[in-house]
1. Here are the criteria: (1) in contact with a Leu (Cβ under 6 Å, 6 or more places away or on another chain); (2) of a type in the set (A, V, I, L, M, F, W, C); (3) outside any helix (DSSP H, G or I). Tell me which single one Leu47 does not satisfy.
2. Quick one: would you say Leu4 is more than 16 Å from Ala112 (Cα to Cα), within 17 Å of the chain's Cα centre (by Cα) and among the hydrophobic types (A, V, I, L, M, F, W, C)?
3. Answer yes or no as to whether Ala12 is assigned to a loop (DSSP other than H, G, I, E, B) and either modelled with pLDDT of 95 or more or touching a Ser or Thr at 6+ places or on another chain (Cβ under 7 Å) (or both).
4. Picking from Ser22, Ser10, which residue would you name as being surrounded by fewer than 16 Cβ atoms within 10 Å (Cβ to Cβ) and small (Gly, Ala, Ser)?
5. If we scan segment 98-121, do we find a residue that is crowded, with 17+ Cβ neighbours inside 10 Å, at pLDDT 95 or above and among the hydroxyl-bearing types (Ser, Thr, Tyr)?
6. Any idea how many residues of segment 56-77 are over 18 Å from Asp13 (Cα atoms) and surrounded by 10 or more Cβ atoms within 10 Å (Cβ to Cβ)?
7. Among (1) touching a residue at least 40 places away in the same chain (Cβ under 8 Å); (2) surrounded by 11 or more Cβ atoms within 10 Å (Cβ to Cβ), where does Gly51 come up short?
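The values are calculated or read from the model by the stated rules, or taken from the named source; none is laboratory data. These numbers come from a predicted model, not from an experiment. Quick reminder, even Gly has a Cβ in these numbers, built from the backbone with ideal geometry, and neighbours come from all protein chains shown.
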Amino acid sequence: MKYLVMVQGSQADYEAMRGQASAHSPAWSEKDLQAMFAFMGEVNNDLSESGELVDGNGLAEPAQTRYVSAGKDGKPVITDGPYGETKELLAGYWVLDCESLERVTEIAARVATCPAPEGAPPYPVVIRPIQDGGGCV
């Protein structure tokens, strides 16, 4: 079965990774970033070798996002990010093809142990099964 494994983050997290501390997170050093990249590289390599990796990417910061919805008149309403009302957004994802929910949970638990500087907030990892048949909802 295929699963979407998502790492959550916020605009403040991206800023911390650029060295800008906040009440939300301490500033990340170059050493912190390299440890995180090395860890994620190992995860990606292991998933590739096991044949479970379908796709995966980190996403640009929320400040570079655009939100599109239908207005009351049916015309699109376009808003540039970041969105102050949204605390956590998708920071990165994997599409995995795993034998069981237990296996993908094991992978998500590993991802949740990604190194971060002392005092950094936990970065939740969310698992969603992908429905067979494709198509839009």
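1. Leu47 satisfies every listed condition except (3).
2. Working: more than 16 Å from Ala112 (Cα to Cα): no; within 17 Å of the chain's Cα centre (by Cα): yes; among the hydrophobic types (A, V, I, L, M, F, W, C): yes.
So Leu4 fails the test.
3. Values: assigned to a loop (DSSP other than H, G, I, E, B): no; either modelled with pLDDT of 95 or more or touching a Ser or Thr at 6+ places or on another chain (Cβ under 7 Å) (or both): yes.
No; evaluated as a whole, the condition is false for this residue.
4. Values: Ser10 fails: surrounded by fewer than 16 Cβ atoms within 10 Å (Cβ to Cβ).
Exactly one residue qualifies, and that residue is Ser22.
5. no
6. Keep residues of segment 56-77 that are over 18 Å from Asp13 (Cα atoms), which gives 56, 66-77.
Those still in the list that are surrounded by 10 or more Cβ atoms within 10 Å (Cβ to Cβ) too: 56, 67, 77.
Of the residues in that region, 3 qualify.
7. (2)
Each row is one residue, and each column tells you yes or no for (1) in a loop (DSSP other than H, G, I, E, B); (2) within 22 Å of Pro129 (Cβ to Cβ); (3) in contact (Cβ under 8 Å) with a residue 24 or more places away in the chain; (4) of a type in the set (Ser, Thr, Tyr).
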| site | (1), (2), (3), (4) |
| --- | --- |
| Ala16 | no, no, yes, no |
| Ala21 | yes, no, no, no |
| Gln34 | no, no, no, no |
| Met40 | no, no, yes, no |
